[in-house]
Amino acid sequence: VARAAGLTRQDFPAGFLFGVATSSYQIEGAASEDGRSPSIWDVFCAKPGRISDGSSGAVACDHYHRWEQDLDLIAALGVDAYRFSVAWPRVVPAGRGPVNAAGLDFYERLTDGLLARGVQPHVTLYHWDLPAVLQDQGGWTNRDTAYAFAEYSAAVAQRLGNRVASYATLNEPWCSSVLSYELGEHAPGTRDRAAALSAAHHLMLGHGLAMPEIRRHAPQSQAGIVLNLGPQESASDRPEDIRAARHADGRFNRWFLDPILRGEYPADTWEEIGGDAPPVQTGDLNLISAHNDFLGVNYYTRGVIGAQGGVLPEGASVTDMGWEIHPQGLTDLLLRLKADYPGLPPIYITENGAAFSDERSGDRVHDPRRTEFLSTHLNALLDASQAGVDVRGYFAWSLMDNFEWAFGYEKRFGLIYVDYDTQERLMKDSALWYQAFLK
Ligand code: GBH
């Protein structure tokens, strides 16, 4: 806390990477250009009532056309690294089969454009935009989708190769299984726990199958996966709350950490889900638990769990998403990962950030709460680093305001403000703060 005001990058270990992150569907637009096919999000957004403002990512930040200007902004921020995702429907429009060279051209321009500006490219292969044609065959509940993902990943790694600093297979498989197939909040919007657990298994299998493809085509790049994680704490000492928190931890954290880092599903949670258990075949867990060069961690908040569900602690301050602001949770999480997973690979914080309605006046956007959020979380990260956690980088979410999934354009996570009428970009005060921090 004492160092909060004067925090600089020199406080972090030498070589520590600072970056910003985005994802394809949230920023690109150009939904039907150069051979891109519809993704499950194009289909989902067209259904009434699914997106709060009725919008879609059809135009978004128009980054597909404005990428050069956006790379200039990234360079102006002074970051070391930029994390972006590749849209599967641009690269393999039929989901499986022929590769669309024009789709790969775009990501090659981005990669080379970043390198030319001295910024490391960090690629995520799946940030939720599954080709819609694959959803017609069950999407991630269909085991074949894992094999299709590995083929698509090979095509990307073959084209971009070692120019990319790191490849992450999946972004947040909890979201693309539980939010998507169980809670119905994300595409494809179904509500079926067994389907979600099947999807989660096939997502992780897809990760396992893609890893050797990445290594074959990009042997010098780092390869790993990104998980959304957070402490799930009990609301009280009552046994029923403790049990509920343990279950929440099993579903949210350990369901993904244990297969990937230990080669097994958590036994307590497996028992609790009973007949909804996923279709695991012999050899799957071996594939899923193959070595990762890094673990990407997206941290937004903790959960405080009672028998009745999640609760907001009294006096908690929250972001515009209603998520509790709790930097200590990042330290706690990282210390716990180090204690519980002996083979833990080096960690990158691949996302951390907050939605706030910012106050624009003229060509300034005052967002002191975002600056506070970022600096307190960087301090929490530094605490974990000094306590011996091998953490090597931090990516702020997000480079710029963008399509916030089920919330459309109503929630703004950007360090850079986007005027959606004019597509004008404007560095918020938090971006200027990050820029000064990085100097
Ligand atoms: C990330 O997901 C995504 O990777 C990114 O695309 C997105 O724009 C960004 O976050 C902001 O949403 O749901 O109340 O129980 C983060 C998803 C956020 C899911 C925190 C779990 C826990 C609070 N996670 N959430 S709650």
TODO: Starting from the stretch 310-326, take each residue that is under 19 Å from residue 248 (Cβ atoms) and modelled with pLDDT of 95 or more and list its partners that are within 8 Å of the ligand (Cβ to nearest atom) and among the β-branched types (Val, Ile, Thr), counting only C-beta distances under 8 angstrom and pairs at least six apart or across chains.
DONE: 323/301; 324/301; 326/301
Open item on the list: Criterion first (part of a loop (DSSP other than H, G, I, E, B), under 20 Å from the mean Cα position of the chain (by Cα) and at pLDDT 95 or above) does residue 94 satisfy it?
Closed with: no
- [ ] Identify all residues within the stretch 46-91 that are outside any strand (DSSP E or B) and of a type in the set (Lys, Arg); write none if there are none.
- [x] 47, 50, 66, 90
Open item on the list: For the condition small (Gly, Ala, Ser) and at positive phi, what is the one hit in 283, 310?
Closed with: 283
Task: Residue ranges of helices (runs of 4 or more DSSP H) in the stretch 253-337 with at least 1 members within 15 Å of the ligand (Cβ to nearest atom) and either over 26 Å from residue 413 (Cα atoms) or under 22 Å from the mean Cα position of the chain (by Cα) (or both) - done: 255-262
Task: Extreme residue, nearest to the chain's Cα centre (by Cα), among residues of the stretch 207-238 that are over 16 Å from residue 156 (Cβ atoms) and more than 16 Å from the ligand (Cβ to nearest atom) - done: 208
Open item on the list: Go through the stretch 168-202 and report how many residues are touching a His at 6+ places or on another chain (Cβ under 8 Å) and more than 12 Å from the ligand (Cβ to nearest atom).
Closed with: 1
Open item on the list: On the basis of being closer than 24 Å to residue 23 by Cβ, within 13 Å of the ligand (Cβ to nearest atom) and assigned to a helix (DSSP H, G or I), does residue 356 make the cut?
Closed with: no
TODO: Could you please let me know if residue 425 is away from the ligand (no atom under 16 Å from the Cβ), surrounded by fewer than 19 Cβ atoms within 10 Å (Cβ to Cβ) and in contact (Cβ under 8 Å) with a residue 24 or more places away in the chain?
DONE: no
Task: Where a residue in the stretch 226-243 is over 15 Å from residue 329 (Cα atoms) and among the hydroxyl-bearing types (Ser, Thr, Tyr) and its partner, wherever it lies, is within 14 Å of the ligand (Cβ to nearest atom) and in a loop (DSSP other than H, G, I, E, B), with Cβ under 9 Å and at least six apart - done: none
- [ ] Look through the stretch 338-363, keep the residues that are of a type in the set (Ser, Thr, Tyr) and surrounded by fewer than 21 Cβ atoms within 10 Å (Cβ to Cβ), and return whichever of them is modelled with the highest pLDDT.
- [x] 341
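The values are calculated or read from the model by the stated rules, or taken from the named source; none is laboratory data. These numbers come from a predicted model, not from an experiment. Cβ: placed from backbone, ideal geometry, glycine included. Neighbour counts: every protein chain shown.
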